[in-house]
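The values are calculated or read from the model by the stated rules, or taken from the named source; none is laboratory data. Note that the coordinates shown come from a computational prediction; the quantities given were computed from them, not determined experimentally. Don't worry about glycine lacking a Cβ; one is built from the backbone with ideal geometry, like all the others, and counts go over all protein chains shown.
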Amino acid sequence: MTRIRPALPMIFAVWTLMAGAAGAQDAPAATDNITAVRDENGRYYTADDVPTFNIAKDGTVDWMTYSGFRRYHSECHVCHGPEGEGSSYAPALKKSAITMDYYAFVDVVTNGRKKVNVAEHSVMPAFGQNVNVMCYLDDIYTYLKARGADALPRGRPAKKEPKSDAIRDAENDCLGRD
């Protein structure tokens, strides 16, 4: 009697690896969610119209990233630690702006998130009603994205672009200023 059964798991494993390799070759390249391709009145966007940072060769940061540094440290750093590095209380956020979809990031900040199970207990409160967060959410996101991409070192950016009139007007509208 010939025993063929032990070979079946090996054949299945090889077939699975080959199928995975073929699928990986057909997979589209990951979308670049970092590189700025468009400037709109001092706001920078990727090819997918997602906010991003712009840092000049001399280290000058765009206004949104600079503002994001300020807003992050006034609203987020209490829980998430300085420069998006995390704390014993809440996770690091600097990589989230790189790995998490922009719209998912906005959703979590706006609506909060609760993860409670046997392995973890974390609660992110909703900030959807906090104008000090929501009016500057893209700023915070671009700052964290610059930190997560290691394009911006720790500390306050030394040089910044001036705030454009369009950014000033949008800020005033959001905050209800005349």
Open item on the list: Whether any residue in region 32-50 is surrounded by fewer than 17 Cβ atoms within 10 Å (Cβ to Cβ), among the hydroxyl-bearing types (Ser, Thr, Tyr) and at pLDDT below 80 is what I want to check.
Closed with: no
Open item on the list: Every residue in region 105-125 that is small (Gly, Ala, Ser) and at pLDDT 90 or above, please.
Closed with: 112
TODO: Report, by residue number, each residue of region 105-125 that is surrounded by 13 or more Cβ atoms within 10 Å (Cβ to Cβ) and either more than 16 Å from residue 79 (Cβ to Cβ) or touching a Lys or Arg at 6+ places or on another chain (Cβ under 9 Å) (or both).
DONE: 106, 107, 110, 124
Open item on the list: Given the condition surrounded by 16 or more Cβ atoms within 10 Å (Cβ to Cβ) and acidic (Asp, Glu), answer yes or no: does some residue in region 96-104 qualify?
Closed with: no
- [ ] Take residue 59 and decide whether it is surrounded by fewer than 23 Cβ atoms within 10 Å (Cβ to Cβ) and touching a residue at least 24 places away in the same chain (Cβ under 8 Å).
- [x] yes
- [ ] Could you tell me whether any residue of region 145-157 is in a helix (DSSP H, G or I), at pLDDT 85 or above and loosely packed, with under 14 Cβ neighbours inside 10 Å?
- [x] no
Open item on the list: The conditions are (1) of a type outside the set (D, E, K, R); (2) part of a loop (DSSP other than H, G, I, E, B); (3) touching a Ser or Thr at 6+ places or on another chain (Cβ under 9 Å), and residue 97 fails exactly one of them. Which is it?
Closed with: (2)
